[in-house]
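The values are calculated or read from the model by the stated rules, or taken from the named source; none is laboratory data. All of these numbers come straight from a predicted model, not from anything done at the bench. Neighbour counts run over all protein chains shown; Cβ positions are idealised from the backbone, glycine included.
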């Protein structure tokens, strides 16, 4: 043990490191998985995937859609919805104050943003959860915006793609929040009946009321590697069953193995592969390979393969 | 403490004990004590009225979980005839925490589906304390789609702490099972009436609760998370459950004010378990009234109405 370890207890050091992790505009960022210190511009270039260990870091909603949609013709929609504190809810803090803090912290009205745009020229409607806004929890605004986005997709016959990242329902909106599960699911069922594709992309983490509604109803459920996804949180399960949870429990790979998701897709391939399935599902003509040499097809490649392309 | 009474009901329990004692004395001696017993009974009734007049949301929560509260199968026996229980999801197993089958409500063929808790220790374990696993919800889906094919209204009874949070439930896709029910129920071409008879525990309750009309027994609750769960997350202490119950507004009466409930079914003095038959009759009347309203509509109008009802939850005013 070095003299430094004796002076500074290791716990304190980790906490300090964590705090530094949360500084949004720092030039350096520590990978939460391998703890490598990463140069932020390089991380941005790599769509927030750790270049050392391939860990997919959380991406905020706006960055997510900016990265996913074609640069031209992106258009944010449904921006006029503001959260309302119908129950005058108050715990240790007022819900109103929590909302104000979350709005200030994220610059968003609520935890979901919606954009129309194109994915490699294919017109789509996309929504993304902002996890930094009260844990991406689903209150009335999130439900309403999601349902309206689904309605736009239905009316304009565009596929709908959702990037979920949420702890679940928003307790401060109580039953209003619970009913958003039914509302969003009903809107998706109309899309399903009309034969418009819906792809649910599960990113770290997805739980509770969001998981048990819109996030599991995709024609395709797609997960990013190593995301934590489930109905009940691991701690609740551990307390209920009083057993140690199995290794890798509720991770994307566990979900693929148990038949819950169609595929795990690396962030760097997400645009290409979603475009590919959507163009097949919507009967688009095959796109000419632009100047790419024709490569032999890899036949041993499983859907769940997450290897990074070199 | 008398286990048949909740903590806030203990004064009533003491009064009842006194009456019981007096009766025993009366049997043994020649003194006529019926006057005295009558007076005490009147006093006990007044006391009960007084205690039940201003129940806190937390007290209502306790009542909704009362160990003697009637469960789905109890009401099935009282309200319906010719019930045939149907089992299994055809995929994995039969879940005893969620029961269902065909029956008649008076003359009408109906599909009845409900959460089921156990009464004895063994039964409680078998029924998993009324917490369904995915196979329970998938059985419900199967029965509901069957009801649609055979033009039977669907009547659901909600009484669950929530969907089971277990390893096996996660492995078999608890989230998907619940989500699928929500989606399917939104478009089934048959009337759906849900009645909350005890605990309406979150997604596990809603998974059989997407409906055309929602009824709630007076001392039942419906909530996005249990008061204890909410308190431990937001107040960092499960002891604040009473505050959480208040803040979330989970009681039938409050939810009626908020516009979620169509029919509030009053319970007999002291709660449903004190007069099981009377409670059942009230539910039966409410179900028949509701069915009369819903079966008068044509299917398209019914579905359009259900959809707008779903879309109205939390919509900007």
- Message: Any residue in region B:282-303 that is under 15 Å from residue B:187 (Cβ atoms) sitting within a Cβ distance under 7 Å of a residue that is loosely packed, with under 14 Cβ neighbours inside 10 Å? List the pairs, counting only those 6 or more apart or interchain.
- Response: B:299/B:189; B:303/B:189
- If we scan region A:268-287, do we find a residue that is surrounded by fewer than 21 Cβ atoms within 10 Å (Cβ to Cβ) and either within 13 Å of chain B (Cβ to nearest Cβ) or assigned to a strand (DSSP E or B) (or both)? no
- Query: Within region A:225-243, is there a residue that is free of Cβ contacts under 8 Å to residues at least 60 places away in the same chain, within 12 Å of chain B (Cβ to nearest Cβ), under 23 Å from residue A:125 (Cα atoms) and surrounded by fewer than 20 Cβ atoms within 10 Å (Cβ to Cβ)?
  - Reply: no
- Task: Within region B:40-67, work out how many residues are under 22 Å from residue B:115 (Cβ atoms) and outside any helix (DSSP H, G or I).
- Result: 3
- Within region A:112-134, can one find any residue that is closer than 17 Å to residue B:314 by Cα and surrounded by 24 or more Cβ atoms within 10 Å (Cβ to Cβ)? yes
- Query: Only one of (1) without any contact (Cβ under 8 Å) to a residue 40 or more places away in the chain; (2) more than 10 Å from chain A (Cβ to nearest Cβ) fails for residue B:277. Which number is that?
  - Reply: (1)
- Message: Which condition from (1) within 11 Å of chain B (Cβ to nearest Cβ); (2) surrounded by 16 or more Cβ atoms within 10 Å (Cβ to Cβ) is the one that residue A:82 breaks?
- Response: (2)
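Answer with yes or no whether residue B:190 is buried (at least 22 other Cβ atoms within 10 Å of the Cβ), away from every other protein chain (no Cβ under 11 Å) and over 16 Å from the mean Cα position of the chain (by Cα). If you could, list the steps in order and put the result at the bottom.
Numbers: buried (at least 22 other Cβ atoms within 10 Å of the Cβ): yes; away from every other protein chain (no Cβ under 11 Å): yes; over 16 Å from the mean Cα position of the chain (by Cα): yes.
Considered against the rule, which asks whether it is buried (at least 22 other Cβ atoms within 10 Å of the Cβ), away from every other protein chain (no Cβ under 11 Å) and over 16 Å from the mean Cα position of the chain (by Cα), residue B:190 comes out as yes.
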- Item | Subset of region B:118-147 [surrounded by fewer than 17 Cβ atoms within 10 Å (Cβ to Cβ), closer than 18 Å to residue B:90 by Cβ and away from chain A (no Cβ under 14 Å)] | B:142, B:146
- Query: Listed residues B:20, B:77; which is out of contact with any helix residue (DSSP H, G or I) (no Cβ under 8 Å at 6 or more places or on another chain) and under 22 Å from residue B:282 (Cα atoms)?
  - Reply: B:77
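Being assigned to a helix (DSSP H, G or I) and without any contact (Cβ under 8 Å) to a residue 60 or more places away in the chain is the filter here; which residues of region A:131-145 pass it? Explain how you work it out, then say what you get.
Of all residues in region A:131-145, those assigned to a helix (DSSP H, G or I) come to A:134-136, A:140-145.
Scanning region A:131-145 gives A:134, A:135, A:140, A:142, A:143.
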- Item | Among (1) modelled with pLDDT of 95 or more; (2) assigned to a helix (DSSP H, G or I), the one test that residue A:235 misses | (1)
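Among the residues of region B:128-164, write down those that are assigned to a loop (DSSP other than H, G, I, E, B) and closer than 25 Å to residue B:227 by Cβ.
Step one: of region B:128-164, the residues assigned to a loop (DSSP other than H, G, I, E, B) are B:131-133, B:150-153, B:161-164.
Within region B:128-164, B:131, B:132, B:133, B:161, B:162, B:163, B:164 meet the criteria.
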- Query: Which residues, counting only those in region A:244-267, are under 20 Å from the mean Cα position of the chain (by Cα), within 14 Å of chain B (Cβ to nearest Cβ) and part of a loop (DSSP other than H, G, I, E, B)?
  - Reply: A:248, A:249, A:250, A:259, A:260, A:261, A:262
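Could you grab me the full set of residues in region A:187-204 that are buried (at least 24 other Cβ atoms within 10 Å of the Cβ) and either in a strand (DSSP E or B) or facing chain B (nearest Cβ under 7 Å) (or both)?
At the first step, the residues of region A:187-204 found to be buried (at least 24 other Cβ atoms within 10 Å of the Cβ) are A:187-188, A:200-203.
Passing the criteria: A:188, A:200, A:201, A:202, A:203.
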- What tally of residues in region B:253-269 results from selecting those that are buried (at least 19 other Cβ atoms within 10 Å of the Cβ) and in contact (Cβ under 8 Å) with a residue 60 or more places away in the chain? 2
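Does residue B:159 satisfy the criteria of being more than 17 Å from residue B:137 (Cβ to Cβ), more than 8 Å from chain A (Cβ to nearest Cβ) and touching a strand residue (DSSP E or B) at 6+ places or on another chain (Cβ under 7 Å)? Show your work before the answer.
Numbers: more than 17 Å from residue B:137 (Cβ to Cβ): no; more than 8 Å from chain A (Cβ to nearest Cβ): yes; touching a strand residue (DSSP E or B) at 6+ places or on another chain (Cβ under 7 Å): yes.
Against the criterion (more than 17 Å from residue B:137 (Cβ to Cβ), more than 8 Å from chain A (Cβ to nearest Cβ) and touching a strand residue (DSSP E or B) at 6+ places or on another chain (Cβ under 7 Å)), residue B:159 does not qualify.
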- If you check A:164, A:128, which single one turns out to be in a strand (DSSP E or B), in contact (Cβ under 8 Å) with a residue 12 or more places away in the chain and farther than 16 Å from residue A:78 by Cα? A:164
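So that you can scan it fast, the table gives a plain yes or no per residue for (1) in contact with a strand residue (DSSP E or B) (Cβ under 9 Å, 6 or more places away or on another chain); (2) at pLDDT 95 or above; (3) more than 10 Å from chain A (Cβ to nearest Cβ):
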| position | (1), (2), (3) |
| --- | --- |
| B:163 | yes, yes, no |
| B:173 | no, yes, no |
| B:182 | no, yes, no |
| B:196 | yes, yes, yes |
| B:203 | yes, yes, no |
| B:206 | yes, yes, no |
| B:214 | yes, yes, yes |
| B:231 | no, no, no |
- Could you list, in sequence order, all residues of region A:84-112 that are in contact (Cβ under 8 Å) with a residue 12 or more places away in the chain and assigned to a strand (DSSP E or B)? A:112
